[in-house]
Amino acid sequence: MVNDTSIQKHFATLPQDNETGYKSFEMGSFKFSRDEYFAYITWPTGSHMMSIDAFLRALMRDVAWGFFYGTVNFDPVFGTTNLYGQVEMFAGTYHDSYKEGGLDWQERFESEELMPMFKAMVSDWTVEGFDPFASPMETNDAFGAKNGDNDEAVQRARVTAKRMVGLDGDTPLRTDESGFPVNRMFADVDQSQPVVQAEPGFEDQVSAYNLYGYLSRSDVTWNPSVCSVVKESLFCPTTEEYILPVEHGNDRVEWFIQLSDEITWEVKDKESGKPRAIVTMKPGDVSAMPADIRHQGFSNKRSMLLVWENASPVIPDLIKKGESPVVPVEF
Amino acid sequence: MTTVDYKTEFGSVADFEKGGVTIINDNPKNYVFSNIYDVANTSAPYERVVVAINREYVIEAARAEGASPLYTNAHDEFVLCMDGEVEVELMKPEVALLPSDAEGAHLVEGEAEGQKMGRLVLGRGHQGLLPAGCLYRFSSVKVSVISVQSILGPVSVQKWADICQTEA
Ligand SMILES: [Fe+2]
């Protein structure tokens, strides 16, 4: 293994494969290629393969979230850790057996240099008709030789309200006309808007909207999007169907409030990957995700989940130094 | 082919079912697991019970029943109606009642003096802005449930042992 914290500068895009038509990519000493069914990752001490649909769904989240908070495990072996400005790419680093066997490897990149490579890879490897943000029942599959692309889907911008959805100049509401019909699993969700009566001069301060209606019209799954902001406190509600395509490893406490239906969370230790708990969440349930775990959610019926983040940039360091606990409160 | 008739389940103060933490190798308290409808059922009207905290930031849950006290704040807060119907009356005080760095919601004693800003009537799933520096009051004819995105302040009530799962 390496403990090299120097910044990798090698990036290469290799020409289309003669048989499958897909490009290959090199980032530092990690190499990525795909064929009809699988993504292949190699590094100096090992290699790994993943089903291409699972790989693209994970890669899509990593791209859309700008490497997110903490660690995005594509699966138990491969992933990225956000160092906020820099990113660590790893294989086996958070897997007990890979570490014991000496197969683990990690390298650092400048975020702004790695991101364009990830974007190029998700664009080249996504075929026409496959939407990595969509639930499996709402997309064609990801398999086969190169056949067109779906850049419209993979280049969606993540919604980030500055103050609150619906305010003038902020993130707009979703409507049929703006291309956001109600999802088939939310056909029964009330679409009425609240009564809002503003006195003259206070139109920009007196504001409300139907959040559940807004969520019922989301065309993506497992993609927390900012809806309201109190300083560094971000409400990031999202709609969930099937399986969270990554195991999210926390570098700070994160909170979930189940707004509708049900999600089951598998919680594992962040470092070792050993199972720690199963959290079943039903409407109104509130649960913290401690800063030393990774979690992956499963939702059969499309559900509404409020993900709540504290975006303060100082927290990961405070936790590393032991100056902020890994749990939100002790009682 | 069978067609599934999807029904979206929202809880209510009258009808909710809690999930929970199943422990494999951990302490259930680490998950600070509670249920907002359960909290509303077991708390006084407008007791602003902290159900989630991340350093200074909180999410409070409250049973909305009758008229609330009058509150003020120095930063934006956001209220989400999670059951029933809640009216929000918004006013602008003649002078700011709090220093600009004050955190959380603060009670305002006595009668409100301020300019009418407007009102919101929030049904289930509706989110409203409680803008920085305003005076506000909730009211609800029947028992309703709200949650508030805010910062820990003088009206925040922490009673974790009463509301959270403690046993595996
Ligand atoms: Fe997460």
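The values are calculated or read from the model by the stated rules, or taken from the named source; none is laboratory data. Because the structure is a prediction, the values reported are computed rather than measured. Don't worry about glycine lacking a Cβ; one is built from the backbone with ideal geometry, like all the others, and counts go over all protein chains shown. What goes into the accessible areas is simple: the full protein's heavy atoms, side chains included, and nothing from ligands, DNA or RNA. Shrake-Rupley method; radii C 1.70, N 1.55, O 1.52, S 1.80 Å.
Observations
- Pairs of Cα atoms nearer than 8 Å and 6+ residues apart set the relative contact order; for region A:158-289 it is 20 percent.
- Å² of accessible area per residue within region A:165-266, as computed with a 1.4 Å probe and no ligands counted: 34 Å²
- Normalised per residue, the volume of the convex hull around the Cα set of region B:70-115 (Å³): 91 Å³
- Theoretical gain in end-to-end length, residue A:318 to residue A:195 [0.36 nm per residue, Cα-Cα removed]: 39.9 nm
- The Kirkwood hydrodynamic radius of chain A, based on inverse pair distances between different Cα atoms, is 21.1 Å.
- The aspartates and glutamates within cross-link reach of residue A:99, meaning a Cα-to-Cα straight distance under 14 Å and a gap of 8 or more places when in the same chain, are A:271.
- Of all DSSP beta bridges in chain B, antiparallel share, percent nearest 5: 95 percent
- Here the calculated FRET efficiency for residue A:99 and residue B:41, from their Cβ-Cβ distance with R0 = 51 Å, stands at 0.60, rounded to the nearest 0.05.
- Point-charge dipole on Cβ atoms (K/R +1, D/E -1) for region B:45-160, about Cα centre, debye to 20: 320 debye
- Full-stretch length increase - residue A:120, residue A:84 - with 0.36 nm per residue and alpha-carbon distance subtracted: 10.9 nm
- Solvent-accessible area of region A:2-154 (1.4 angstrom probe, protein heavy atoms only): carbon and sulfur portion equals 48 percent.
- DSSP beta bridge pairing in the protein assembly as shown, given as percent antiparallel to the nearest 5: 95 percent
- The label-point distance for residue B:162 and residue A:11, in a model that sets each label 7 Å from Cα toward Cβ, rounds to 5.5 nm.
- Remark: the residue A:329-residue A:29 segment gains 103.8 nm on full extension, using 0.36 nm per residue and subtracting the alpha carbon distance.
- Angstrom value of the Kirkwood radius, inverse mean 1/r, which spans all Cα pairs in region B:39-104: 13.7 Å
- Accessible area that becomes buried as A packs against B, both chains, 1.4 Å probe, Å², nearest 100: 5900 Å²
- Span from the region A:149-163 Cα centroid across to the region A:1-78 one, whole angstrom: 21 Å
- Of all accessible heavy-atom area on chain B, the percent that carbon and sulfur account for (1.4 Å): 47 percent
- For B:119, B:55, A:61, the ranking by accessible surface with the largest value first comes to B:55, B:119, A:61, using a 1.4 Å probe.
- Relative pair counts by distance (%), Cα atoms of region A:2-154, 10 Å bins: 11, 42, 35, 11, 0
- Within the protein assembly as shown, helix-based [θ] at 222 nm, where runs of 4 or more DSSP H residues each add -39,500 (n - 2.57), nearest 500: -3000 deg cm²/dmol
- In range of the label at residue A:37: residues from region A:122-136 whose backbone nitrogen is under 15 Å from the point 7 Å along Cα→Cβ: none
- Here the 3J(HN,Hα) profile of region A:220-230, calculated from phi with Karplus coefficients 6.51, -1.76 and 1.60 at θ = phi - 60°, is 10, 10, 6, 9, x, 10, 5, 10, 8, 9, 10 Hz, Gly and Pro shown as x.
- Residue-level accessible surface for residue A:263, protein heavy atoms, 1.4 Å, Å²: 0 Å²
- Å² per residue, accessible surface of region A:2-154 at 1.4 Å: 41 Å²
- The P(r) of region A:226-314 has a tail past 23 Å containing 20 percent of all C-alpha pairs.
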